[in-house]
Amino acid sequence: MRRNPPPFPFSRRGNAEAQKNVMEPDLFKRINASLEDISLQVVTLEAEDIPAMGVLLNAISLLEENGAALQDPVFPQITAGLKGYCEKLVLCETAEMAPLEKGICALQSHFRSLASDSPQGTDPSEVLALLGAAAAQPAAGGDREATPDEPVCPDPGKSRLSPEDLQILSDFTVESMENLDTIELSLMALEQDPEDVNTINAIFRPFHTIKGVSGFLNLQTINRLAHSTENLLDSARKGDFVIHNEIIDIILESVDTLKKLIGNVKDNLCSDKADLEGGLDVDPLIVRIEGLNAHATSGTAKPLGEILVASGAIKKADVEHALEKQKSAPGIKLGEILMDEGVVGSQEIISGLQQQKKEKRVVELQVKVDTHKLDNLVDLTGELVISQSMLRQNYQLRGLSDHAFDKNLNQLSQIVSGLQKISMSMRMVPIKSTFQKMVRLVRDLSRSSGKKVDLKMSGEDTEIDRNVVDELYEPLVHMIRNAADHGLENPGERRASGKDETGTIALRAYHQGGNIIIEIEDDGQGLDTQRILKKALALNLIAPDAKLSQPEIFELIFHPGFSTAKAVTAVSGRGVGMDVVKKGIEKLRGHVDVRSVAGRGTTVVISLPLTLAIIDGMVVRVGREKYILPTMAIVESFRPKKEDCFTVEGKGEIILSRGQLIPLIRLGEVFHVASEARHPWDGLVVAVEHKNERKALLLDELVGKEEVVIKNLGGYLKNVKGLAGGAIMGDGKVGLILDMAGLFEIALQ
């Protein structure tokens, strides 16, 4: 027993005998109206609009029944060919619309010759070949029978479905479940790379298939939900927006709901229930999906009503009246209402729809560029900056008093500076992609630990150097794991301490000065300073009588192998996470700070340079050599008095500055350079800071502030402590960029 009404017959049924009794004028009038309606549908048909294809297929089936009464051999052949090709479109076996349009034109031309009694002689072979000889093929599922060795239903007598329908529906449930499983796997990959078009297409195709086949089988709830989700993915495929965590979450929810619906169909195959899908309400989910799609995309084509009013075909009052009528029947399109009321003809509707389809979305054009080409552009721009600086400092040119030359040189400087900023901005990418990868991580950690965790993100659009983004992922993973595993309490402990059961991890990014700041904050139990000190004593990291400040205590957690966890879990507890964080961030010329309040939570603050290619530095001189100090590390510069300089046994030289004793580092001795200043009061001292610790650098002269392009020192010098790289100065010589972490480590030795 078949469901009522079917989307279209599984087996073709002729109705020619009934049609023969109809008077010929009425028959021709009905066929002409059907052809006009089908032509209108074909013109407005989108290649992936399966529901509209189902309506078109019904119309062609009705035309096929009426055409059988014409007693013409060609008309039913072309009609059957159109029907077969339309079935291929529904089943996604093809996406080419041109053969369908040419087939309709051929059928209209042949019918006009019949109506005018013109001599017959139309050869349908060409159009049938274009349609793929679909006329000779039976409709999908028409004569299919369940194989004896694969019983769909143990007791077919209890089902209200025919054996053919049972087999088709059974195949649909199996294949759809497999498709949904592949979607889940692809979504996990998409979460790692939201802009991967191939992955988006891999997710889109199963939804497209489920939508098409469910429409064919009249499973309306499944069809509507799959269609809505497919539209969301189609917008992402077109580049209207970038996939983010909210979209992935709602697609996962759609997958789960479709599994329930398809599971209901499978369970109800052998029952006498009229609703195989189980009556599950998907409207709220569809509304959320469509709302998310509308919010994520920007810019739409002009409404049909506005196009018709602008062309003078109808009045604005007619459109408003039709829109009010559409509210009571949402499934009916505006064009159909206007035609039914006789306000406008089919040709005006077709013309308006064609104009609507031609209107393109206004989007910001983007071009994909190979990263190697981009890096080469940045390098060449850096060389241009160096050459321009050398030109300005050329002693022969500096002696000229030509105003025109000075004007041109200044203009050249502005152009080079602008070019440098543009080229550097091309390396900048939003940190959003890295942040979004943390969503799945937190979801998995929450499930594995049994804790309720809510991840809140802000500043995802903050831009940072592409190379920094690539290196930032691993440190972030370790810190998020520590926050979820060690920082946040389990729900019972949080209730006992008066907190919400759901713990919060906040991930923030923002610009501050010339750096990007990333904060990872949790509202957990905070760091236990006593436990940290006890562990540090056990590892011989500190002396028993050591008196450490709170920042110094927190610094201990970055030592390799340091962990206060009571037990090692699959997530953390081996003491390697924070060590990796420290090394990774310092590799990027950044630093990490930890703030914590017992019982209230912990905040890890990462400070990174915006770019790894250019550094804002202070050029200093020691003897004949020039060095570059990163300006972000400089606290102050001064010439000390003799009475403010001391030597302490076991600690070396110390400078008194603003009531604070600062250890002195002689740069000349570190790099074996003859310095002009034999005593601290003979030279200049620059106080620098690294991880809340200050040192004083003794040098001969402050040359000036300058932006320099960082150059790699090569394999032989890359591991020299105290050096971060090199830069070509305006006089053509190489200046060494100092690394504060390395200098502080040398000072301790």
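The values are calculated or read from the model by the stated rules, or taken from the named source; none is laboratory data. Since the model is a prediction, treat every value here as computed from it, not as a measurement. Neighbour counts are summed over all protein chains in view; Cβ atoms, including those assigned to glycine, are modelled from backbone coordinates with ideal geometry. The area values use the complete protein model at the heavy-atom level, side chains included, leaving out ligands, DNA and RNA. Shrake-Rupley method; radii C 1.70, N 1.55, O 1.52, S 1.80 Å.
For a label point 7 angstrom out from the Cα of THR647 toward its Cβ, which stretches of region 725-749 have the backbone nitrogen within less than 19 Å?
Label zone hits: 747-749.
Suppose each label sits 7 Å from its Cα in the direction of the beta carbon; what would the VAL242-ARG288 distance come out to in nanometres?
With each label placed 7 Å out from Cα toward Cβ, I get 2.4 nm.
Mind grabbing the accessible area of ASP500 for me, 1.4 Å probe, Å², rounded to tens?
Surface accessible to solvent at ASP500 totals approximately 100 Å².
By the gyration tensor of its Cα atoms, with a ≥ b ≥ c the square roots of the eigenvalues, what is the shape of region 178-292: rounded for a/c under 1.5, prolate for a/b over b/c, or oblate?
Since a/c reaches 1.5 and a/b is larger than b/c, the shape of region 178-292 is classed as prolate.
Kindly flag which residue pairs out of LYS407/LYS705; LYS641/LYS695; LYS83/LYS325; LYS452/LYS499; LYS273/LYS333; LYS29/LYS325 have an alpha-carbon separation exceeding 21 Å in this structure.
Working: LYS407/LYS705 23 Å; LYS641/LYS695 17 Å; LYS83/LYS325 33 Å; LYS452/LYS499 12 Å; LYS273/LYS333 32 Å; LYS29/LYS325 28 Å.
Beyond 21 Å: LYS407/LYS705; LYS83/LYS325; LYS273/LYS333; LYS29/LYS325.
Please compute the modelled spin-label separation between SER113 and VAL429, points set 7 Å along Cα→Cβ, answer in nm with one decimal.
Spacing of the two 7 Å Cα→Cβ label points: 6.0 nm.
Which value, in Å² rounded to 10, gives the accessible area of HIS244 with a 1.4 Å probe and all protein chains present?
Approximately 50 Å² for this residue.
Need one value: the accessible area of PHE405 in square angstrom, 1.4 angstrom probe, rounded to the nearest 10.
It works out to around 60 Å².
For ARG658, ARG30, write out the residues from largest to smallest accessible area, computed with a 1.4 angstrom probe and no ligands counted.
My answer, sorted largest first, is ARG658, ARG30.
As a test of understanding, state the convex hull volume per residue of region 602-668 from its alpha carbons, in Å³.
So the per-residue hull volume is 172 Å³.
Over region 383-476, one equal point on each Cα, no solvent: what is log10 I(q)/I(0) by the Debye formula at q = 0.25 Å⁻¹?
Debye output, listed in q order: -1.21.
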